[in-house]
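Q: One structure coming up, written as structure tokens, with questions to follow.
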Amino acid sequence: MNMTQKTFLYIIAALLLCSCKNDTSVQGKTSDVKIYDIKLSDFKVLEQSFSDYIKDFSYVELKTTPENYIAKINKVQIFKTNIYVLDKQKSKLFVFDRKGNFIRKIGQLGNGPGEYKDIFDFAINTKRETISILSNGNIKVMEYDLQSNFLTDFAFSTFFPEKMNLINNNHYALYTGNNGDNFKDLAYADLTGKLVKEDFPYPKDIFYMGFDFTGGISKIGKRFLYAGSSSPRIYEIDTSLNHKNIFNIDLGPKAWKEEDEFNIERFNKELSKLEMSYLNTNFFINKDILFFGYTDGTKLKSGFYNISNSHLYTSNSFTPNGVEFIFYNYVGIDSVGRTISAYSPEYYKNSSNHFDGLNEALEKLDNNLFNKFKNADENSNQFLLFFNLSF
């Protein structure tokens with residue numbers, strides 16, 4: 001081999017080595033993945049109330065009876081003329097019309113055919129016009145038509161999901177929360193329950209040690225997001241079931257370390273000190289804004305990252321009058337793209353006592369809603385709040 005050939009081989013080897021060192025790929029990643037680095041300390045200050053940036057606002061009061069009382073709204077999906085409301089605490093899926101009038105429940109609790117022991121999640125296939133209910137107690141998905149007639153059920157072999165969503169009406173996205181025989185945190189199945197892909201492995205020694213209040217899959221909208229347990233990294237998954245975008249959120253010096261992502265014992269030990277920062281389960285994208293909830297010590301806070309211009313706003317951006325906490329429980333997106341939040345007005349009086357200016361801000365936003373909240377008690381109905389944000 002002459003000197004020219006040797007030199008050529010050295011150059012090729014060096015290029016390969018550099019390419020390996022610069023490879024930041026993750027499992028399932030496609031070549032066009034974009035990474036967004038979000039640093040919370042870079043938030044922009046807005047010298048106005050959160051309510052001043054709310055546009056296209058309206059609300060619906062969900063009119064219930066004592067027999068169909070809602071304890072807590074976990075997820076909302078709107079399809080055609082109806083609103084579907086999940087209450088995981090009572091394991092019920094309610095159906096209301098657009099004015100908030102109760103219509104029916106989907107399925108019922110029980111051990112008989114077509115009955116479920118609990119509801120962990122649900123999804124509507126808008127193409128087939130069917131409703132899938134994920135029952136952890138049955139370890140099955142129960143499928144119904146829109147009139148609540150039972151159609152079929154099926155199980156996911158070796159996979160026990162805690163959360164479920166539909167991607168493009170073709171595949172189920174399933175999140176285990178570190179709980180499954182295959183030691184993968186995320187999997188995809190076809191509409192019959194057959195697994196077609198698994199992703200995001202986790203160590204076997206943390207089997208059945210999931211985090212209930214951090215990480216998971218997005219429950220809101222058409223854009224599918226995933227975050228690992230206690231991880232500050234959010235992945236967006238495309239319709240081909242590959243990673244599309246990655247959002248790295250720097251929560252500051254008190255953030256839980258990425259290298260300890262799966263260590264729940266250490267996480268709980270640090271959590272008890274009430275000084276840690278971590279990403280919550282509430283994150284989604286709507287109209288090019290990444291919404292995310294996070295805990296900072298003892299406080300629940302919100303972040304809003306505008307993907308188009310890289311501007312970041314957090315709870316620290318606004319005049320602290322408590323309005324943002326009324327909108328904190330994001331549960332869905334409506335048919336015209338507005339974000340939906342759920343709120344129980346029985347908590348309003350306590351909030352108004354803690355925040356100066358809350359009454360004035362809410363009255364300015366909607367006087368009728370302010371009067372309903374001001375006169376609410378423990379028997380009051382729950383409300384859905386519809387809005388856009390304009391930063």
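Values in this text are rule-based calculations from the coordinates and carry no lab data. Since the structure is predicted, the reported quantities are computational estimates derived from the model, not experimental observations. Here Cβ is always computed from backbone atoms with ideal geometry, including for glycine, and neighbour counts include all displayed protein chains.
Q: Residue check, Q147 against (1) free of Cβ contacts under 8 Å to residues at least 60 places away in the same chain; (2) in contact with a Leu (Cβ under 8 Å, 6 or more places away or on another chain), all met but one. Which one?
A: (2)
Q: Now for a different question. Considering E236, E265, E259, which residue is touching a Phe, Trp or Tyr at 6+ places or on another chain (Cβ under 8 Å) and of a type in the set (D, E)?
A: Being touching a Phe, Trp or Tyr at 6+ places or on another chain (Cβ under 8 Å) and of a type in the set (D, E) holds for just one of E236, E265, E259, which is E236.
Q: Considering only residues that are among the hydroxyl-bearing types (S, T, Y) and assigned to a strand (DSSP E or B), which ones fall in region 244-299?
A: S277, Y278, T281, Y294, T295
Q: Restricted to region 129-144, and to residues that are free of Cβ contacts under 8 Å to residues at least 40 places away in the same chain and among the β-branched types (V, I, T), which residue is nearest to V85 (Cα to Cα)?
A: Filtering first and then ranking leaves T130.
Q: Somewhere in region 36-54, is a residue hydrophobic (A, V, I, L, M, F, W, C) and farther than 30 Å from N309 by Cα?
A: Checking region 36-54: not a single residue is hydrophobic (A, V, I, L, M, F, W, C) and farther than 30 Å from N309 by Cα.
Q: Looking at region 213-236 only, could you name the residues that are within 21 Å of A255 (Cα to Cα) and among the charged types (D, E, K, R)?
A: Passing the criteria: only R233.
Q: Turning to a different aspect of this structure: Residues of region 107-120 being touching a Leu at 6+ places or on another chain (Cβ under 9 Å) and assigned to a strand (DSSP E or B), which ones?
A: Answer for region 107-120, where residues must be touching a Leu at 6+ places or on another chain (Cβ under 9 Å) and assigned to a strand (DSSP E or B): just Y116.
Q: I've got another one for you. Which members of region 80-127 meet the condition of being small (G, A, S) and more than 18 Å from the chain's Cα centre (by Cα)?
A: Scanning region 80-127 gives S91, G100, G107, G110, G112, G114.
One line per residue, one yes/no per condition, for (1) touching a Pro at 6+ places or on another chain (Cβ under 8 Å); (2) among the hydrophobic types (A, V, I, L, M, F, W, C); (3) part of a strand (DSSP E or B); (4) without any contact (Cβ under 8 Å) to a residue 12 or more places away in the chain:
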{"site": "Q48", "(1), (2), (3), (4)": "no, no, no, no"}
{"site": "K55", "(1), (2), (3), (4)": "no, no, yes, no"}
{"site": "E61", "(1), (2), (3), (4)": "no, no, yes, no"}
{"site": "E67", "(1), (2), (3), (4)": "no, no, no, yes"}
{"site": "K72", "(1), (2), (3), (4)": "no, no, no, no"}
{"site": "F96", "(1), (2), (3), (4)": "no, yes, yes, no"}
{"site": "K99", "(1), (2), (3), (4)": "no, no, no, no"}
{"site": "F122", "(1), (2), (3), (4)": "no, yes, yes, no"}
{"site": "K127", "(1), (2), (3), (4)": "no, no, no, no"}
